[in-house]
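Written out below as structure tokens is the structure these notes cover.
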């Protein structure tokens, strides 16, 4: 857990979804392994698939089948994976430990929070009510703006929907592109080491904060709030 010079208190916190608020990897992995078993192949070990979860179909199909966008057979697998995942999105998915408490305290402190994800609305819209996140102040999916992260447009749209300037928002995510998008949008960035994180070490992403658990984010917000109260006293 790393702390920079204390940042101003945010008015809103925007979160990535997969690997940040929700542990969706078990259902994502189950869908791609279903594709393998349908082809008479052994399931890919979960520990191989989990780090790729934030990359969606590209990551899962790459890890399970060794195919990338543009390769022969990739698009067929991608569409089949979408269909299978949509049929069982919340069987194994849970919020990460401490997330529910974090969001509750954010709300009680008078801050807004929202979700900005690269996950298409086809999945986001039905999944969020099933895992208790439908009350987010804004929900921006991967196809909401026509751009996806690391482009800043989805984050800027999230801030717009909350009625806030981007500089009053923090963005929290578990992938390098989350931090790149947050910086490009002019937001304070938080890399969450509790997520999937991919192959690149989060300490090299250049985030303003690198935190180990949702509870550490809560502790950080409390410390900033207390510092602000003392400065105003």
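The values are calculated or read from the model by the stated rules, or taken from the named source; none is laboratory data. Only a predicted model underlies this, so the values are computations on that prediction, with no experimental measurement involved. Cβ coordinates were reconstructed from backbone atoms using ideal geometry, including for glycine residues, and neighbour counts include every protein chain displayed.
Inspection of the stretch 62-76 identifies at least one residue that is out of contact with any helix residue (DSSP H, G or I) (no Cβ under 9 Å at 6 or more places or on another chain), free of Cβ contacts under 8 Å to residues at least 24 places away in the same chain and assigned to a helix (DSSP H, G or I).
With respect to the conditions (1) in contact (Cβ under 8 Å) with a residue 60 or more places away in the chain; (2) under 30 Å from residue 11 (Cα atoms), residue 91 falls short on a single one, namely (2).
Inspect all residues belonging to the stretch 32-49 and state whether any of them is in a helix (DSSP H, G or I), more than 19 Å from residue 208 (Cβ to Cβ) and either touching a residue at least 60 places away in the same chain (Cβ under 8 Å) or touching a strand residue (DSSP E or B) at 6+ places or on another chain (Cβ under 9 Å) (or both). Looking for residues that are in a helix (DSSP H, G or I), more than 19 Å from residue 208 (Cβ to Cβ) and either touching a residue at least 60 places away in the same chain (Cβ under 8 Å) or touching a strand residue (DSSP E or B) at 6+ places or on another chain (Cβ under 9 Å) (or both), one finds none in the stretch 32-49, hence no. Identify, please: which residue in the stretch 46-61 is touching a helix residue (DSSP H, G or I) at 6+ places or on another chain (Cβ under 9 Å) and exposed (fewer than 14 other Cβ atoms within 10 Å of the Cβ) and is, among those, farthest from residue 149 (Cα to Cα)? This residue is 46.
Scanning the stretch 186-228 for residues being assigned to a helix (DSSP H, G or I) and in contact with a strand residue (DSSP E or B) (Cβ under 7 Å, 6 or more places away or on another chain) gives a total of 4.
The residue list 79, 104 contains one member that is modelled with pLDDT of 95 or more, loosely packed, with under 13 Cβ neighbours inside 10 Å and not assigned by TED's automatic domain parsing to the domain that holds residue 35, which is 104.
Whether a residue is crowded, with 19+ Cβ neighbours inside 10 Å, more than 12 Å from the chain's Cα centre (by Cα) and at pLDDT 95 or above was assessed, and residue 156 passes this test.
Say whether the condition of being assigned to a helix (DSSP H, G or I), in contact with a strand residue (DSSP E or B) (Cβ under 6 Å, 6 or more places away or on another chain) and without any contact (Cβ under 8 Å) to a residue 40 or more places away in the chain is met by at least one residue in the stretch 133-155.
Yes, the stretch 133-155 has at least one match.
Please determine whether any residue of the stretch 163-170 is in contact with a helix residue (DSSP H, G or I) (Cβ under 9 Å, 6 or more places away or on another chain), surrounded by 14 or more Cβ atoms within 10 Å (Cβ to Cβ) and modelled with pLDDT under 95. Checked the stretch 163-170: no residue is in contact with a helix residue (DSSP H, G or I) (Cβ under 9 Å, 6 or more places away or on another chain), surrounded by 14 or more Cβ atoms within 10 Å (Cβ to Cβ) and modelled with pLDDT under 95. Does residue 21 qualify as being surrounded by 15 or more Cβ atoms within 10 Å (Cβ to Cβ) and either at pLDDT 95 or above or in contact with a helix residue (DSSP H, G or I) (Cβ under 8 Å, 6 or more places away or on another chain) (or both)? Taking the combined requirement at face value, the residue satisfies it.
Residues that are more than 22 Å from residue 217 (Cβ to Cβ) and part of a loop (DSSP other than H, G, I, E, B) within the stretch 81-132 comprise 88, 89, 90, 91, 92, 120, listed in sequence order. Of all residues being in contact with a helix residue (DSSP H, G or I) (Cβ under 7 Å, 6 or more places away or on another chain) and on the phi < 0 side of the Ramachandran plot in the stretch 201-212, which is surrounded by the most Cβ atoms within 10 Å (Cβ to Cβ)? Just the residue, please. Within the stretch 201-212, the match that is surrounded by the most Cβ atoms within 10 Å (Cβ to Cβ) is 207.
Among 198, 186, which is the only one that is surrounded by 14 or more Cβ atoms within 10 Å (Cβ to Cβ) and in contact (Cβ under 8 Å) with a residue 60 or more places away in the chain?
198
Is it the case that the stretch 4-21 has a residue that's within 18 Å of residue 141 (Cβ to Cβ) and part of a helix (DSSP H, G or I)? Within the stretch 4-21 (the criterion being within 18 Å of residue 141 (Cβ to Cβ) and part of a helix (DSSP H, G or I)), the answer is no, since none of the residues qualifies.
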